[in-house]
Amino acid sequence: MERKLFLFNTLGRKKELFKPLREKVTLYTCGPTVYDFAHIGNFRTFIFEDLLKRTLRHFGFDVVHVMNITDIDDKTIKRAKEEGVSLKAYTEKYTSYFFEDIETLGIEKADYYPKATEHVEDMIRIIGKLLETGIAYKSEGGVFFRIAKFPSYGQLSGVKLDSVKAGERVDHDEYGKEDVRDFALWKESKVGEPSWDAPWGSGRPGWHIECSAMSMRYLGETIDIHCGGVDNIFPHHENEIAQSEAYTGKKFVRFWLHSEHLIVDGQKMSKSLGNFFTLRDLLARGKKPRVLRYLLLSCHYRQKLNYTEQSYNAAEAALQRIDDFQIRVQDALEKNTISKVDNIVDKTKEDFDKALADDLNIARSLAALFTFIKDVNTIIDKEGLGKNDKEKIFSTISYFDRVLGVLDRFRWQKELAIDREMVEKLIEERNLARAKKDYSKADTIRNRLREMGVILEDTPSGTRWKFVE
Ligand code: AMP
Ligand code: ZN
């Protein structure tokens, strides 16, 4: 049976009881632009979305989850050109890094990862209809959406239509706009850029239309939940609403959820301040993926999260307490004939779920976990555990971990025990052997890695590896 869940809807800015429209919850989350490694701010948002999805499933909902991969925009085009490789080869490389990173952080995979470049036909169809109805117009530079014809523009962000002066020109790329508030649905291609043929001329889609097209393709015209970071609210999501609703005449998204930003040492993360971290930067400095997951997870998604050395250490200490507790329970004796934990197990689960049901109040859920630890420790100290209590305690921990995905130390310890540098070195040696057609050496290395629990996958963009049990 599905349990009650309240979520804070950015549309309307209040908590609402969540109910899916159809049998399965339809969830769309804005994915990465694959021009570089994702940074830990991005992962804060992706971990919030992971928590949301796990909570929905924990509460008995079936979920179908789509995350797009933005593999065409100004940045991807520019970087591919700089490296002298095709856009496809360039973005595939960063897409596979992205998948490695989400696995490293224990983020459950989405059901679909559609790529923008593979859905341009859908985008052309939507833009075609918007042109037909006159809500879009072709002009110098591309096709634009006429915001003045969509009166409810601003419903999500609260941005007032007249707060930006009509006629003012900002972006030299979009000089054909009738009104500064209009946004590009289609951009005329510049020389040497990837382009697609459309009835109104060749070019490429604007960023916003990608998400509308892929959301509708995989999840239908009206979906339950759409997520992203707060920076997506305006203009990205506002524009998605305008173009989708103008196209279908139906509500596009029922619940909009946005996570606040991650900041570093109290400041915005930026390359110029030198506080810009990718996951890989942090791992190279000896930070542990499990601790990072805990840290990114443990702050409520609508609060800013300040990443500091201190907050990292606090997360590590919290996990240490949880691990020590599990070891202690493992070693404890079940001295009594009757259970000593029945009552607290039920109460803890109830408190944990109640907090999650209140717009994913993770701080309170974790407080329930730590109260449980304290209470069980007192029982072990004073009277000892009862028959089958260990199993009850561990199944309670597993119950929490379905949602948190961070408590099972064995899973994470095994991964940590492998020497990443050594793995990379062996892969390099194997690739060298393959290049020299020394396949027997290459196979020996592959087998050696397999024994370490590492399996390899050779892809057009290089050899990928992952750890298996
Ligand atoms: P992008 O790759 O820039 O399209 O971003 C992917 C996701 O990360 C989007 O949902 C952004 O809103 C989110 N995001 C970007 N920067 C941060 C940050 N500092 N903290 C949290 N989320 C972020
Ligand atoms: Zn998007």
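The values are calculated or read from the model by the stated rules, or taken from the named source; none is laboratory data. The model shown is predicted, which means the values in this text are computed figures rather than measured ones. Virtual Cβ from ideal backbone geometry, glycine too; neighbours counted across all protein chains shown.
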Within segment 94-111, can you find the residues that are surrounded by fewer than 18 Cβ atoms within 10 Å (Cβ to Cβ), of a type outside the set (Ser, Thr, Tyr) and not in a loop (DSSP other than H, G, I, E, B)? Phe99, Glu100, Glu103
Odd one out for Ala38 among (1) more than 10 Å from ligand 1 (Cβ to nearest atom); (2) among the aliphatic types (A, V, I, L, M); (3) touching a residue at least 60 places away in the same chain (Cβ under 8 Å): (1)
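Of all the residues that make up segment 185-230, how many are in a helix (DSSP H, G or I) and within 11 Å of ligand 2 (Cβ to nearest atom)? It would help to see each step written out before you state the result.
Of segment 185-230, the ones in a helix (DSSP H, G or I) are 207-219, 230.
Checking which are within 11 Å of ligand 2 (Cβ to nearest atom) leaves us with 207-215.
Counting residues in segment 185-230 that are in a helix (DSSP H, G or I) and within 11 Å of ligand 2 (Cβ to nearest atom) gives 9.
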Quick check on Glu350: is it loosely packed, with under 13 Cβ neighbours inside 10 Å, assigned by TED's automatic domain parsing to the domain that holds Phe372, of a type outside the set (Val, Ile, Thr) and within 24 Å of Leu52 (Cβ to Cβ)? yes
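Looking for something in the same structural domain as Gly192 (by TED's automatic domain parsing), within 16 Å of ligand 2 (Cβ to nearest atom), among the aliphatic types (A, V, I, L, M) and touching an Asp or Glu at 6+ places or on another chain (Cβ under 6 Å) - is there at least one such residue anywhere in segment 20-30?
Quick first cut of segment 20-30, residues in the same structural domain as Gly192 (by TED's automatic domain parsing) only: 20-30.
Narrowing further to those that are within 16 Å of ligand 2 (Cβ to nearest atom): 26-30.
Right, trim to among the aliphatic types (A, V, I, L, M) and you get 27.
Checking which are touching an Asp or Glu at 6+ places or on another chain (Cβ under 6 Å) leaves us with none.
Among the residues of segment 20-30, not one is in the same structural domain as Gly192 (by TED's automatic domain parsing), within 16 Å of ligand 2 (Cβ to nearest atom), among the aliphatic types (A, V, I, L, M) and touching an Asp or Glu at 6+ places or on another chain (Cβ under 6 Å), which makes the answer no.
Hey, does segment 265-283 have a residue that's assigned to a loop (DSSP other than H, G, I, E, B) and under 30 Å from Glu221 (Cα atoms)?
As a first pass, look at segment 265-283 and keep what is assigned to a loop (DSSP other than H, G, I, E, B): 265-266, 269-277.
Filter again for under 30 Å from Glu221 (Cα atoms), leaving none.
Within segment 265-283, not a single residue is assigned to a loop (DSSP other than H, G, I, E, B) and under 30 Å from Glu221 (Cα atoms).
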Does Tyr307 count as among the aromatic types (Phe, Trp, Tyr), within 12 Å of Arg44 (Cβ to Cβ) and surrounded by 15 or more Cβ atoms within 10 Å (Cβ to Cβ)? yes
Filter result (out of contact with any Ser or Thr (no Cβ under 8 Å at 6 or more places or on another chain), over 18 Å from Arg328 (Cα atoms) and in contact (Cβ under 8 Å) with a residue 40 or more places away in the chain) within segment 354-383: Ala357, Asp358, Asp359, Asn361
Only residues that are surrounded by 13 or more Cβ atoms within 10 Å (Cβ to Cβ) and among the aromatic types (Phe, Trp, Tyr): list them for segment 382-436, please. Phe394, Tyr399, Phe400, Trp412
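Quick one: which of Asp231, Asp265 is of a type in the set (Asp, Glu) and at negative phi?
Values: Asp265 fails: at negative phi.
Step by step, each of Asp231, Asp265 is checked, and only Asp231 is of a type in the set (Asp, Glu) and at negative phi.
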Across segment 323-339, which residue is nearest to the chain's Cα centre (by Cα) among those that are surrounded by 12 or more Cβ atoms within 10 Å (Cβ to Cβ) and in a loop (DSSP other than H, G, I, E, B)? Ala332
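Let me confirm something: among Lys251, Lys271, which residue is modelled with pLDDT under 95, more than 10 Å from ligand 1 (Cβ to nearest atom) and among the basic types (Lys, Arg)?
Values: Lys251 fails: modelled with pLDDT under 95.
Just one listed residue meets the conditions, Lys271.
Against the condition out of contact with any Phe, Trp or Tyr (no Cβ under 9 Å at 6 or more places or on another chain) and either β-branched (Val, Ile, Thr) or away from ligand 2 (no atom under 16 Å from the Cβ) (or both), how does Asp62 come out, does it pass? Walk me through how you get there before you give the answer.
Values: out of contact with any Phe, Trp or Tyr (no Cβ under 9 Å at 6 or more places or on another chain): yes; either β-branched (Val, Ile, Thr) or away from ligand 2 (no atom under 16 Å from the Cβ) (or both): yes.
For Asp62, the condition - out of contact with any Phe, Trp or Tyr (no Cβ under 9 Å at 6 or more places or on another chain) and either β-branched (Val, Ile, Thr) or away from ligand 2 (no atom under 16 Å from the Cβ) (or both) - is met.
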Has segment 3-11 got at least one residue that is more than 15 Å from ligand 2 (Cβ to nearest atom) and at pLDDT below 95? yes
